[in-house]
Amino acid sequence: MVAAGTAAFPAVDRVILDMEDDGAGHYLYIGAALEMDGPAPALDAVRAHVRERLALLPPFYGELDVSGQVRELTVPPGPDSRRRAYDALPNLTVPGTQPWGLWLVHGHRDDGYLLFHRVHHGVHDGVGLALLLRVLFALTPQAAARAAHTERPAPAAPSSARPAREAHAAQEARAAPPPERAPAQRQVQQQAQGQAPGQARARAGAQLRHAADSARLFLPGPRRPLPPAERAGRRIVSAVTVPAAQLRRAAAEWGCSVLGVHLSALSHACRSTDVTGWTRERRSRGIALPVSLTDTRSGPYRGNRYSLVRLPVPWDEPDLGRRAQLLAREVRRYQDPAVRSALARALGRLGTGATRRFSERLYARCGVQTTVLPLAGEVGFAGRPARHFTGLNCLPAHFPYQPVLSLHGGRAVCAFTVDAATPGARDLAAYWREALDELAPPPRPERPATPFPAAPSGPSAAPPPAPRSEPPAAPSSGPSAAPPSGPSAVAPEGASSAPSSGPSAGAPAAPEGAPPD
């Protein structure tokens, strides 16, 4: 297990930073939006709040320029202002030279405002982002201090993403693996650490399995590219909000994890909107998943502490419940501490070039990457809890979309960051919801007292579109009716379902491009 508070894998950070220069048009920012009720605060009040909270943290962002980095955005009023507000978030220009920004967004609706925090993926992974958000937006200063106290002070960071390469080079040299010890020395070391022989065998077996998985990356990969030939270079958001209890119910009914349910629903959305045929290729593509290599109980940290793995998707399995079980079984491997230790040891041995080649080979065998962003504790602003918490993913050019599942306050939001030219972009979240409703039907509304029910109104009343190429599968076991850890990562046993990953009643479907009320 990688210790919290260390710059564990600087080569990963450098690879992400270097992607900026390859001319492919990557979008490499991750973030989260807090949707708040009530009148918007003054911009100076938001800046003062950020200064106070960042003082609790190591200097993640170099010399702070809060006045320049905390800005406002106003969405013109209109019937679709909420959708346009969320669509604007992954297209904002980062002000100044620093790799982060926070926006106070007006106009998404009449009785509320948004707070949107975004940061370059070379600075944070999803777990680090979630831990940072707990400090920035905890409801009280005391809660923020508790969330920040476990991180040791770090050296001052450069003031922009690209000059950070020099700092990463020094960290990479310091992070070089120790020389191999002789067998007798290893035995003494294991005894000193209290490591039983059985644990050593488990670690050795995990390292062999990881080596075998890595060797398969050298086999011929599927064809490329995945996205359609024409790309807009502008991103939109397709999102839906459901009760977290529905995901848990699906996991319980099918005997799998919440992450398995999310992956099964994602596979349905992928196939239902597939225009390039990647879900039906002879050499099947999988789903890329970040596996966290840090202690998820740590305080906020800078850098990326995850390794990527490829989950094979059983595309030929028509039963979504059975598909969730098979995917959850694949995920379970990476919750084993021995496997996570093997991943960390292997990744720590790779330099920047080898890390880049490893990533390229893995991505060539995956059609999409996803992550789970759990947020423990209430967050909000000025003592008022957030109405919604929505994570927004980056979008590398070789993927048509990137989803993230956010879990907070009894609600789950599945949000896809999509290139605007991707066919079916607006339907992705609806197909994900359709699969979830098949896996765990939402509660039926009570029969109205009047003989003629009132006609539903608003975008939340519209049913999800019918699947284009994958008909709903009838479960062979489990529930008989339709309708339940990176970016970030798979969690170890005993932690959240997937770090990188309170119940409520059924929630309405989402308007296009944004989570619903």
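The values are calculated or read from the model by the stated rules, or taken from the named source; none is laboratory data. Values in this document were obtained by computation on a predicted structure and should not be read as measured data. Because the Cβ atoms are built from the backbone with ideal geometry, glycine has one as well, and the counts that use them run over all protein chains shown. Ligands, DNA and RNA are stripped out before the accessible areas are found, and what is left, the full protein with its side chains, is counted by its heavy atoms. Shrake-Rupley method; radii C 1.70, N 1.55, O 1.52, S 1.80 Å.
Residue pairs, Cβ under 9 Å, 6 or more apart or interchain, first in the range 104-117 and under 10 Å from LEU34 (Cα atoms), second open to solvent by less than 40 Å² (accessible area, probe 1.4 Å) and acidic (Asp, Glu). List them.
TYR113/GLU35; LEU114/GLU35; LEU115/GLU35
With (1) modelled with pLDDT of 95 or more; (2) open to solvent by 30 Å² or more (accessible area, probe 1.4 Å) as the list, and ARG297 as the residue in question, which single condition is left unmet?
Of the numbered conditions (1) modelled with pLDDT of 95 or more; (2) open to solvent by 30 Å² or more (accessible area, probe 1.4 Å), the odd one out for ARG297 is (1).
Out of ASP18, ASP65, report the one residue that is surrounded by 13 or more Cβ atoms within 10 Å (Cβ to Cβ) and modelled with pLDDT under 85. Walk me through it before giving the result.
On the way: ASP18 fails: modelled with pLDDT under 85.
Sole residue among the options that is surrounded by 13 or more Cβ atoms within 10 Å (Cβ to Cβ) and modelled with pLDDT under 85: ASP65.
Have a look at ARG109, ARG51 and point out the one that is surrounded by fewer than 23 Cβ atoms within 10 Å (Cβ to Cβ), among the charged types (D, E, K, R) and at pLDDT below 90.
Numbers: ARG51 fails: at pLDDT below 90.
Unique residue meeting the criteria: ARG109.
Working only within the range 76-106, note down all residues that are of a type in the set (Phe, Trp, Tyr), at pLDDT 95 or above and in a strand (DSSP E or B).
TRP103
Determine which single condition CYS414 fails, assuming it passes every other condition in (1) at pLDDT below 95; (2) in contact with a Pro (Cβ under 7 Å, 6 or more places away or on another chain); (3) on the phi < 0 side of the Ramachandran plot.
(1)
Looking only at the range 363-410, count every residue that is open to solvent by 30 Å² or more (accessible area, probe 1.4 Å) and in a loop (DSSP other than H, G, I, E, B) and tell me the total.
Here the count works out to 8.
Does ASP65 qualify as being acidic (Asp, Glu) and either within 21 Å of LEU136 (Cβ to Cβ) or in contact with a helix residue (DSSP H, G or I) (Cβ under 9 Å, 6 or more places away or on another chain) (or both)?
Values: acidic (Asp, Glu): yes; either within 21 Å of LEU136 (Cβ to Cβ) or in contact with a helix residue (DSSP H, G or I) (Cβ under 9 Å, 6 or more places away or on another chain) (or both): yes.
Answer is yes for this residue.
Which members of the range 260-283 meet the condition of being under 11 Å from LEU247 (Cα atoms) and touching a strand residue (DSSP E or B) at 6+ places or on another chain (Cβ under 6 Å)?
Answer for the range 260-283, where residues must be under 11 Å from LEU247 (Cα atoms) and touching a strand residue (DSSP E or B) at 6+ places or on another chain (Cβ under 6 Å): just HIS262.
Would it be correct to say that ALA40 is under 18 Å from HIS388 (Cα atoms) and open to solvent by less than 20 Å² (accessible area, probe 1.4 Å)?
Here the answer is no, as ALA40 does not meet what is asked.
If ARG84 passes every condition in (1) open to solvent by 20 Å² or more (accessible area, probe 1.4 Å); (2) closer than 30 Å to ASN304 by Cα but one, which one does it miss?
For ARG84, the exception is condition (2).
Is there a residue being under 19 Å from the mean Cα position of the chain (by Cα), part of a loop (DSSP other than H, G, I, E, B) and farther than 23 Å from ILE30 by Cα anywhere in the range 332-339?
Within the range 332-339 (the criterion being under 19 Å from the mean Cα position of the chain (by Cα), part of a loop (DSSP other than H, G, I, E, B) and farther than 23 Å from ILE30 by Cα), the answer is yes, since at least one residue qualifies.
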